[in-house]
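J.: Sending over a structure as structure tokens; questions will come in a sec.
The values are calculated or read from the model by the stated rules, or taken from the named source; none is laboratory data. Since we're looking at a predicted model, the values are computed, not measured. Here the Cβ positions follow ideal geometry from the backbone for every residue, glycine too, while neighbour counts run over all protein chains shown.
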Amino acid sequence: MSQQINARKFIRIQTWGLTSIVTLMAVLVIALYLGRSYFETERHLAAIDSEIIENSKQLLRNEMDTVAKELRFIYAQAERLLSEEAKNQVDQAWSIASTLYRKESALHGAESAAALIRETLRDIRFFHGRGYYFIDDLEGRCVLLPTAPHLEGGSLIDNRDDTGHYIMRGLIQAVDNPDQAGFSRYRWYAPDNQTEMRDKIAYVKLFEPLGWIIGAGDYVYRFENDLKQKALQRLALHRFGNSGYFTVMSEEGYVLNSPVFSEAEGKHYRDLPEPYADVGRVLVESASVEGRFVEYEWYQIGSDRMEPKLSLVQRIPEYGWILVAGVYNSDLSEAIDEQRRTTVQFLRASLLSMFPAVILLALIGFLFAFGLSRWLIRLFNLYQNDIEAQKMALRDSAAELSIAAKVFETASEGMVVTDCNDRILAINTAFSRITGYLLYELKGRDPSILFNIRNPEPLNALGYADLTRLGCWEGEIWSRKRDGTLYPAWLSITALHDERGELINRILTLTDITYRKQSEERLRHLAEYDPLTELPNRRLLGDRADQALATCARQQKSLGLMFIDLDRFKNINDSLGHEAGDALLKVVGERLLGAIRESDTVSRVGGDEFVVLLPDCGQVEDLTLLAKRFIDLIRQPMHISGRDLTVTSSIGIAVFPEDGRDFMHLSRNADAALYHAKDCGRDNYQFYTADMNVRAKRRLGMENALRQALCRGEMEVYYQPQLSFQSQELTGFEALLRWNSPDYGFVGPDQFIPLAEETGLIVPIGNWVLEQACRQVREWNENFELNLNMAVNLSAKQFTDELIDTIEQTLARSGLQSGNLVLELTESILMEDPTGAALRLAQIRALGIRIALDDFGTGYASLAYLKDFPLDKLKIDKVFTDGVPGKAHDEAIVRAIIDLAGYLGLRTVAEGIENEAQRRFMLEAGCDIGQGYLFSRPIPAHEVETELLCLGHHTTKV
């Protein structure tokens, strides 16, 4: 059956159809919204529960960390507090003794005063009644011992503890110092356990009038126990949160503190009734050093009802304790229930607010459908023609919007979009990450809340002017995060306008530049301060000096500049290592800082050199006193690397304006004065004088001449013969370098060798000497059919990983047999890197080359080298040879060196043999080889051939 459809019926069907569709869509939207709201609510509530529990755990963790740190800090103070208390008590006793002696000895004599002092101190107690005074004399006799009066009058000099330490001798040694007082640590039987010795610290002080040692002390564990009791008292009163508190148990399971069940204190958890025993077992088993959370039921304070409880259990090994910090779950339940009520109320309000919107939506849909049906047919044909073009335009717009949205959301900079009234419309993920704000917290608000009120607002009149003129503004600001934290940021503002030029939006781009600022600050600090001592470096010193010089010139005041250099600092690095040297430099810097004014500057400009800038320094006498004070401060002993070290210093002083009107000239002249102080024997100060520049220029000229000396042929190797004491036969030579400069004449090795060491020229010079000496001795051995040895000195700068290759190449070029080469090293070379030195010496010995230890006995640890390093010869230094025969100490040292070398299978070479008496002594002592002016001075190669080798001397194999 066909059905007639006209325009009216079509419109009616269309109207009701559209209305039905709109209504159905509204119902579906409501259903989806309700379902989604329900699941979102449940998930939100679960997240709230988890967050509250995690916050509670964090609270317990924070409380536990705070208490644990405090307990460890208190425990670490036990020995220090005991030492301070013992010192205070002894100082009081010493004052009492001094007063009684002064009064009583004047009236009745010293013996009566001594008896009065003993009886006065006998009954005095301290340290909670367990502390007492004891008195001994310097011979080790007991004068006063209140706990054992039967020992008084007897000698305790041989009493030892279970470690073998002599107790009385340690007390006597503690007062053997300029202060006549000090601490002594030993072990003795504890009063509560006469079978076990425990550590004890005593402070003693010498009472000179009677030759007494007055002392007092206590056992360390007793002081620790006192501190533990104080800590328990504090923990018993500690509360946190609504009902949080601490319970303390020993690791063995004894209850030490329980705010809820005080009757359990002092008892083992196994001896407690249930449920206390079961909970105690759980706590002991769960305890760990890092802490562990446990849940159980426990009584509320002041209640008989048990409630679930969350606790953090952590062991404190230093105390032997188990700390339990807990909160009741009822506290958490209240917070969770409150959050649930708030969330449910919000959901209910949201649903109620939806119904008017749904009814309005349905009404609007019906009216829209009715109206649409009236003119839809009329416009249908028009829209159909344009539909394809609109599709294309929509597709392009959608793509552009998608790209823009992705750029906006994935940008690494924080971005904010505002409307024309400066109200926030949108933010991206990066902005939330940087600031902590979410969109719902900022939407509709003014962006000025994001910036620090101390700064000019970025959107001020100037900013608007830039936006109007340029369409953008950017600058550095201080911004504020959601938690109130201030941070530096770079802000860019761009204005967007429509076709008519009216403002539509502003785009704010925010970049956190905290790390960049920190990097700039670190770079500035590194550029201006010495990383070891944290003192200003040369750059910052120059800036401060320029400012101070300008001020002093303007005010017509003087300014002093001191260059301070540590004497023989290299010996510290060579003997004890660079770590000890660095520690010493820090101590020196601290001492100098403590001796200057706030307006002065102490700077480390490199190595062991310090510079002190002294604006308005006063008269020359003031600088003299300060220089002496610096020298005295630096000379005081320093405890470095387990030993006491003493160093001296040299100081050069220049004064503005007499010695220079700018920092460059003052520095140069102060440096010249410093070198003069070193030339004068070190450990002194010198003011700059005009003739010092002459010496400095000579040194600079000598350095430049030394750089050209090799290529100009000014260097020559001299040779000093070495003879056997027993047979008087020539055994070899030592190669010694000489420099004959056309500008400076004959320059002694003591002048140019240190200069070559400082400039690094010693390496090419030393390699050249090795080459010349090897080639020369090979020619002599071949030409004269001899078997001579050649001894060559090595510098510390030559003793590197490249040394082995250098030696092998030198032997190959010269043709010398390795057995005829002896390398001489000083102890300082071996000190710098003992492990590396032993490896290199083993490689040298593997080549067949022999090794001699030069200047033996003048270093720091010679015997250790004899044991650890592969050596062939010991060279007895001239400082010992000069004293024989005649000086008993030198004779003993020389004989000991020779005997020691004989036992170790080493040969000995004596330097500086200058007279017949010295030769006879060395022969009788058993020394093998000698060299010195008695035999021959160092001579050039052509004199060796004419004066020694051609005269019929023969050699013996060394």
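J.: Pairs only if they're at least six apart or on different chains, beta carbon under 6 angstrom, first in region 258-271 and under 17 Å from GLY326 (Cβ atoms) and in contact (Cβ under 8 Å) with a residue 24 or more places away in the chain, second β-branched (Val, Ile, Thr) and assigned to a loop (DSSP other than H, G, I, E, B); list them, first residue then second.
T.: Taking only residues 6 or more apart or on different chains, the pairs are VAL260/ILE301.
J.: Is it fair to say ASP218 is over 37 Å from the mean Cα position of the chain (by Cα) and of a type in the set (Asp, Glu)? Even if it seems obvious, please write down each step before you answer.
T.: Working: over 37 Å from the mean Cα position of the chain (by Cα): no; of a type in the set (Asp, Glu): yes.
So ASP218 fails the test.
J.: Let me ask another. Which ones in region 428-445 are within 19 Å of PRO488 (Cα to Cα) and either small (Gly, Ala, Ser) or crowded, with 17+ Cβ neighbours inside 10 Å (or both)?
T.: Scanning region 428-445 gives ALA430, PHE431, SER432, ILE434, THR435, GLY436, TYR437.
J.: Here's something else I'd like to know. Do you know which residues across region 633-679 are hydrophobic (A, V, I, L, M, F, W, C), crowded, with 17+ Cβ neighbours inside 10 Å and more than 19 Å from ASP608 (Cβ to Cβ)?
T.: ALA654, VAL655, PHE656, PHE663, LEU666 - these are the residues of region 633-679 that are hydrophobic (A, V, I, L, M, F, W, C), crowded, with 17+ Cβ neighbours inside 10 Å and more than 19 Å from ASP608 (Cβ to Cβ).
J.: Here's something else I'd like to know. Which of the residues that make up region 172-194 are of a type outside the set (Phe, Trp, Tyr) and within 16 Å of TYR219 (Cα to Cα)? Walk me through it before giving the result.
T.: From region 172-194, those of a type outside the set (Phe, Trp, Tyr) are 172-182, 184-185, 187, 190-194; that's our starting set.
Listed by number, the residues that qualify are SER184, ARG185, ARG187, ALA190, PRO191, ASP192, ASN193, GLN194.
J.: Tell me whether region 239-246 contains one or more residues that are touching a strand residue (DSSP E or B) at 6+ places or on another chain (Cβ under 6 Å) and modelled with pLDDT of 80 or more. Reasoning before the result, please.
T.: Our first condition is that a residue be touching a strand residue (DSSP E or B) at 6+ places or on another chain (Cβ under 6 Å); within region 239-246, this holds for 239, 241, 243-246.
So of that shortlist, the ones also modelled with pLDDT of 80 or more come out as 246.
Yes, region 239-246 contains a residue that is touching a strand residue (DSSP E or B) at 6+ places or on another chain (Cβ under 6 Å) and modelled with pLDDT of 80 or more.
J.: Which residue out of ARG187, ARG222 is part of a helix (DSSP H, G or I), of a type in the set (Lys, Arg), over 20 Å from SER98 (Cα atoms) and touching a residue at least 24 places away in the same chain (Cβ under 8 Å)? Working first, answer last.
T.: Values: ARG187 fails: part of a helix (DSSP H, G or I).
Only one candidate passes the filter, namely ARG222.
J.: Let me ask something additional. Take region 628-673 and flag every residue that is under 31 Å from the mean Cα position of the chain (by Cα) and either β-branched (Val, Ile, Thr) or closer than 21 Å to ARG538 by Cβ (or both).
T.: First, pick out the residues of region 628-673 that are under 31 Å from the mean Cα position of the chain (by Cα): 629-651.
Residues satisfying the conditions are PHE630, ILE631, ILE634, ILE640, THR646, VAL647, THR648, SER649, SER650, ILE651.
J.: Inside region 664-706, can you point out the residues that are β-branched (Val, Ile, Thr) and not in a helix (DSSP H, G or I)? Let's see the steps before the verdict.
T.: Initial filter on region 664-706 (β-branched (Val, Ile, Thr)): 689, 694.
Correct list: THR689 only.
J.: Just to check your reading of the model, which residue among TYR133, TYR166 is farther than 13 Å from ILE213 by Cα, under 44 Å from the mean Cα position of the chain (by Cα), surrounded by 15 or more Cβ atoms within 10 Å (Cβ to Cβ) and at pLDDT 90 or above?
T.: Details: TYR133 fails: farther than 13 Å from ILE213 by Cα.
Matching residue, one of TYR133, TYR166: TYR166.
J.: Quick check on region 295-321: of everything there that is assigned to a strand (DSSP E or B) and among the aliphatic types (A, V, I, L, M), which residue is modelled with the highest pLDDT?
T.: Quick first cut of region 295-321, residues assigned to a strand (DSSP E or B) only: 295-299, 306-316, 321.
Imposing the further condition that a residue be among the aliphatic types (A, V, I, L, M) reduces the set to 306, 310, 312-313, 316.
Details: MET306: 75, LEU310: 84, LEU312: 85, VAL313: 89, ILE316: 83.
The extreme case among them is VAL313.
J.: Name the residue, out of GLU104, GLU54, GLU79, GLU152, that is over 15 Å from ALA202 (Cβ atoms) and either touching a residue at least 40 places away in the same chain (Cβ under 8 Å) or exposed (fewer than 12 other Cβ atoms within 10 Å of the Cβ) (or both).
T.: GLU54
J.: Given the conditions (1) at pLDDT 90 or above; (2) over 41 Å from the mean Cα position of the chain (by Cα); (3) within 16 Å of GLU208 (Cα to Cα); (4) part of a helix (DSSP H, G or I), and given that GLN173 satisfies all but one, which numbered condition is not satisfied?
T.: So GLN173 meets the others, but not (2).
J.: Report, by residue number, each residue of region 834-853 that is among the polar types (S, T, N, Q) and either in a strand (DSSP E or B) or surrounded by 13 or more Cβ atoms within 10 Å (Cβ to Cβ) (or both). Even if it seems obvious, please write down each step before you answer.
T.: We begin by selecting, within region 834-853, every residue among the polar types (S, T, N, Q); these are 835, 843.
Correct list: GLN843 only.
J.: Listed residues ALA548, ALA495, ALA553; which is more than 23 Å from the chain's Cα centre (by Cα), crowded, with 20+ Cβ neighbours inside 10 Å and small (Gly, Ala, Ser)? Please lay out each step first, then the result.
T.: Working: ALA495 fails: crowded, with 20+ Cβ neighbours inside 10 Å; ALA553 fails: crowded, with 20+ Cβ neighbours inside 10 Å.
Unique residue meeting the criteria: ALA548.
J.: Test of understanding: among PHE869, PHE880, which residue is free of Cβ contacts under 8 Å to residues at least 24 places away in the same chain, under 48 Å from the mean Cα position of the chain (by Cα) and surrounded by 16 or more Cβ atoms within 10 Å (Cβ to Cβ)?
T.: Numbers: PHE869 fails: free of Cβ contacts under 8 Å to residues at least 24 places away in the same chain.
The conditions single out PHE880.
J.: Among the residues of region 713-735, which ones are surrounded by fewer than 19 Cβ atoms within 10 Å (Cβ to Cβ), touching a residue at least 24 places away in the same chain (Cβ under 8 Å) and within 20 Å of LEU770 (Cβ to Cβ)? Steps first, please.
T.: Of region 713-735, the ones surrounded by fewer than 19 Cβ atoms within 10 Å (Cβ to Cβ) are 713-714, 716, 718, 724, 726-729.
When the remaining residues are screened for being touching a residue at least 24 places away in the same chain (Cβ under 8 Å), the result is 714, 716, 718, 724, 726-727, 729.
Once the filter is applied, which keeps residues that are surrounded by fewer than 19 Cβ atoms within 10 Å (Cβ to Cβ), touching a residue at least 24 places away in the same chain (Cβ under 8 Å) and within 20 Å of LEU770 (Cβ to Cβ), region 713-735 yields GLU714, GLU716, TYR718.
J.: Give the residues of region 600-640 that are at pLDDT 90 or above and of a type in the set (S, T, N, Q), sorted by residue number.
T.: If the condition is that a residue be at pLDDT 90 or above and of a type in the set (S, T, N, Q), then THR601, SER603, THR624, GLN636 are the ones that fit.
J.: Please find, among GLU758, GLU771, GLU782, the residue that is of a type outside the set (S, T, N, Q), assigned to a helix (DSSP H, G or I), surrounded by fewer than 13 Cβ atoms within 10 Å (Cβ to Cβ) and out of contact with any Gly (no Cβ under 9 Å at 6 or more places or on another chain). Break it down stepwise before answering.
T.: Values: GLU771 fails: surrounded by fewer than 13 Cβ atoms within 10 Å (Cβ to Cβ); GLU782 fails: out of contact with any Gly (no Cβ under 9 Å at 6 or more places or on another chain).
Result: GLU758 is the single residue among GLU758, GLU771, GLU782 that is of a type outside the set (S, T, N, Q), assigned to a helix (DSSP H, G or I), surrounded by fewer than 13 Cβ atoms within 10 Å (Cβ to Cβ) and out of contact with any Gly (no Cβ under 9 Å at 6 or more places or on another chain).
A quick yes/no check of all residues on (1) more than 45 Å from the chain's Cα centre (by Cα); (2) modelled with pLDDT of 80 or more; (3) on the phi < 0 side of the Ramachandran plot; (4) part of a helix (DSSP H, G or I):
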{"site": "GLU388", "(1), (2), (3), (4)": "yes, no, yes, yes"}
{"site": "MET392", "(1), (2), (3), (4)": "yes, no, yes, yes"}
{"site": "GLU400", "(1), (2), (3), (4)": "yes, no, yes, yes"}
{"site": "SER432", "(1), (2), (3), (4)": "no, yes, yes, yes"}
{"site": "SER448", "(1), (2), (3), (4)": "no, no, yes, yes"}
{"site": "ARG454", "(1), (2), (3), (4)": "no, no, yes, no"}
{"site": "GLU457", "(1), (2), (3), (4)": "no, no, yes, no"}
{"site": "TYR464", "(1), (2), (3), (4)": "yes, no, yes, yes"}
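J.: From the set of residues in region 169-180 that are surrounded by 12 or more Cβ atoms within 10 Å (Cβ to Cβ) and of a type outside the set (D, E, K, R), which is nearest to TYR133 (Cα to Cα)?
T.: LEU171
J.: Right, next: Here are some residues: PHE610, PHE630. Which one is aromatic (Phe, Trp, Tyr) and in a helix (DSSP H, G or I)? Before the answer, list the steps.
T.: Details: PHE610 fails: in a helix (DSSP H, G or I).
Residue meeting the stated conditions: PHE630.
J.: Go over the candidates GLU609, GLU621 one by one and state the one that is over 23 Å from the mean Cα position of the chain (by Cα) and of a type in the set (Asp, Glu). Don't jump to the end; show me each part of the working.
T.: On the way: GLU609 fails: over 23 Å from the mean Cα position of the chain (by Cα).
Checking each option against the conditions leaves just GLU621.
J.: Do we have any residue at all in region 170-185 that's among the charged types (D, E, K, R) and farther than 26 Å from SER95 by Cα?
T.: Going residue by residue through region 170-185, those that are among the charged types (D, E, K, R) are 176, 179, 185.
Within this subset, residues satisfying the condition of being farther than 26 Å from SER95 by Cα are none.
Taking every residue of region 170-185 in turn, none turns out to be among the charged types (D, E, K, R) and farther than 26 Å from SER95 by Cα.
J.: Of the conditions (1) among the basic types (Lys, Arg); (2) under 30 Å from PHE799 (Cβ atoms); (3) without any contact (Cβ under 8 Å) to a residue 60 or more places away in the chain, ARG568 clears all except one; give me its number.
T.: The one condition ARG568 does not meet is (3).
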